[in-house]
Amino acid sequence: MADEATRKAVSQIPLLKTNAGPRDRTLWPQRLKEEYQALIHFVEQNKAADNDWFRLESNPDGTRWTGTCWFIHELLRYEFQIEFDIPVTYPDTAPEVAVPELDGKTAKMYRGGKICLTDHFAPLWARNVPRFGLAHLMALGLGPWLAVEIPDLISKGIVQREKRGNTYL
Amino acid sequence: MATVEELKLRVRELENELIKCKQKQCAMEDAQSLELHRPKIEKMSAEVVDSNPYSRLMALKRMGIVDDYEKIRTFAVAVVGVGGVGSVTAEMLTRCGIGKLLLFDYDKVELANMNRLFFQPHQAGLSKVEAAEHTLRNINPDVSFETHNYNITTMENFTHFMDRIRHGGMEEGKPVDLVLSCVDNFEARMAINKACNELGQIWMESGVSENAVSGHIQLIIPGETACFACAPPLVVAANIDEKTLKREGVCAASLPTTMGVVAGILVQNVLKYLLKFGTVSYYLGYNAMQDFFPTMAMKANPQCNDRHCREQQEEYKKREAECPKVEVVQEEEEVVHEDNEWGIELVSEVTDAELQAATGDRPELPEGITVAYTIPAEVRVAQHITASQVLTSFYHRDLQMHLWFDK
Ligand SMILES: [Zn+2]
């Protein structure tokens, strides 16, 4: 499912402790704090490894997340907007990450541009409730998906690099 | 050659003509639909005349299958997910003359759905609930409909969803009689499970595998039978060699046949449950490759992750204690396995031999049914666990994942 580098990266993300979803008004703020801590740690870790590849931010109550991810292919940078809601069943179930601009461009997607994760993801997530959080979702869900799909979409000419000055390296 | 001005004028003329055509067509369709719409029927009649849509259903009474078929009009059923299974389920219930249907879905009809039943190409682009209501109302104007075009798993929608389950019954303010899960993803199933556990709402789950060749239905009575979170998702083994199953490049396959069969066994179970005839199935699987229909029943798991499931189990115990069974039922000895890491007790629907045959780390399940994956027992017991502990008791296919936690 994931390469050695991903495995190593995941093993360094702090595990979360608070088992609470957004409907749990008393414990959710604590969980949210842990989510941010793990995400910040993961982003710093990526930067240190010269592999910075996403940013995420949430609305004030932490139920809706938006951000950007980028993918370097043959020295060119491709950037995509990402979004997801925290389901009421979180953290028992992982959020469904969407890359809306790729909706309809690949079969490895559900309606609304939600990425289709591998068979390994659900069992892995289930076994690690509540220790896995959004950083793990990025590392084990979105990361591997981009690594497989984006080169394929580029080679088919479906994804083209937009000439947005600052997105060039 | 025509000038730009001339062309503009011509475009305007054609546009006006188009509007007129559209208006004419709409008026015609309205008149037609008025003609086609039969008036509402106040009371179901058993009279066998070609104008009575209920005569063949009421015949069930005469034949002694159902005691009181008219009772169907007193029930409200919520159908969550109006896709390949949900739409057909809703149509069957509509044709059976159900009292009220509440439809939940956030999706739109797409041409990619046309390999399934119910929706038609001209409905592409419409919301599924809106398109479904239109078709179903045409089929049977006696049914009342309530539609909700949203994703039930997000915070605000979930609150509204729970409220409609609790108050959207035949009589406003009363709960619905049954919730049917016809969704296609784990998150939505877990959300329905959560809502029903909190409300103590009886529901039925249905599903078709992503390879389109197996499916299942399951009756969930909170506190009594296993809820959706009591065990990892149950799957009907399709006996396909994992190595030959190619998953690259696609998310899911679907067949109108499998979906139709699953909708059929689901609604059959609904009718039996609501109208009290035959035996209601707790779990019925469908393996399309071998034409095998495994059945079983599973008690709720005292260690279920869902707090409300555990609370419902306490309530159920109290209820059971309060009303001791009058009948003397010849009960078979319950089969409880010592190494049962799930604490799942199978109600005696399978033989000892069948139970013995299913071995390994998985919970004991009858032939043909398995879990999508297993979770090490200690993970569920301990909240805070060290990374090294996670390494134990995975099953072989996931050995490679262990590496992730090595320090
Ligand atoms: Zn449960």
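Tabulated results
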{"read-out": "Potential extension, B:His122-B:Arg38 segment - 0.36 nm per residue separation minus Cα distance", "value": "27.9 nm"}
{"read-out": "Environment charge at A:Glu57 (Cβ cut-off 12 Å; Lys +1, Arg +1, Asp -1, Glu -1)", "value": "0"}
{"read-out": "Spin-label model distance (nm) - B:Glu320 vs B:Lys20, 7 Å beyond Cα toward Cβ", "value": "7.6 nm"}
{"read-out": "Surface share of carbon and sulfur [accessible, 1.4 angstrom probe, percent] for segment A:25-156", "value": "54 percent"}
{"read-out": "Under the span-like rule (Cα at least 15 Å along the axis, Kyte-Doolittle mean at least -0.5), DSSP H helices of chain A", "value": "A:143-155"}
{"read-out": "Net charge over other residues, Cβ less than 12 angstrom from the Cβ of B:His308 (K, R count +1; D, E count -1)", "value": "-1"}
{"read-out": "Apportionment of accessible area to carbon and sulfur, segment B:54-322, percent (1.4 Å)", "value": "53 percent"}
{"read-out": "Amide proton proximity set for B:Gly168, modelled H, under 5 Å, gap of 5+", "value": "B:Gly173, B:Val176"}
{"read-out": "Probe 1.4 Å, protein heavy atoms only - accessible area per residue of segment A:35-169 in square angstrom", "value": "42 Å²"}
{"read-out": "Amide proton proximity set for B:Ser214, modelled H, under 5 Å, gap of 5+", "value": "B:Ser209, B:Ala288"}
{"read-out": "Anisotropy class of segment B:54-322 from Cα gyration tensor, a/c 1.5 cut", "value": "rounded"}
{"read-out": "Listing of segment A:71-98 residues, each with accessible area lower by at least 50 Å² in the full protein assembly than in the chain alone (probe 1.4 Å)", "value": "A:Val88, A:Thr89, A:Asp92, A:Thr93, A:Glu96"}
{"read-out": "Centroid-to-centroid separation of segment A:120-142 and segment B:152-193 [C-alpha atoms, Å]", "value": "26 Å"}
{"read-out": "Extension reserve of the A:Asp52-A:Arg111 stretch, reckoned as 0.36 nm per residue once the Cα distance is removed", "value": "18.4 nm"}
{"read-out": "Expected 222 nm ellipticity per residue - DSSP helices of 4 or more, -39500 (n - 2.57), all of chain A, to 500", "value": "-9500 deg cm²/dmol"}
{"read-out": "Where segment B:54-322 is the region considered: accessible area per residue in Å², 1.4 Å probe", "value": "42 Å²"}
{"read-out": "Between A and B, accessible area buried - total, square angstrom, nearest 100, 1.4 angstrom probe", "value": "3700 Å²"}
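The values are calculated or read from the model by the stated rules, or taken from the named source; none is laboratory data. Please read these numbers as outputs of a predicted model, since none were measured by experiment. Using ideal geometry, Cβ is built from the backbone for each residue, glycine included, and neighbour counts are taken over all protein chains shown. Areas reflect the complete protein model, heavy atoms only, side chains present, ligands, DNA and RNA absent. Shrake-Rupley method; radii C 1.70, N 1.55, O 1.52, S 1.80 Å.
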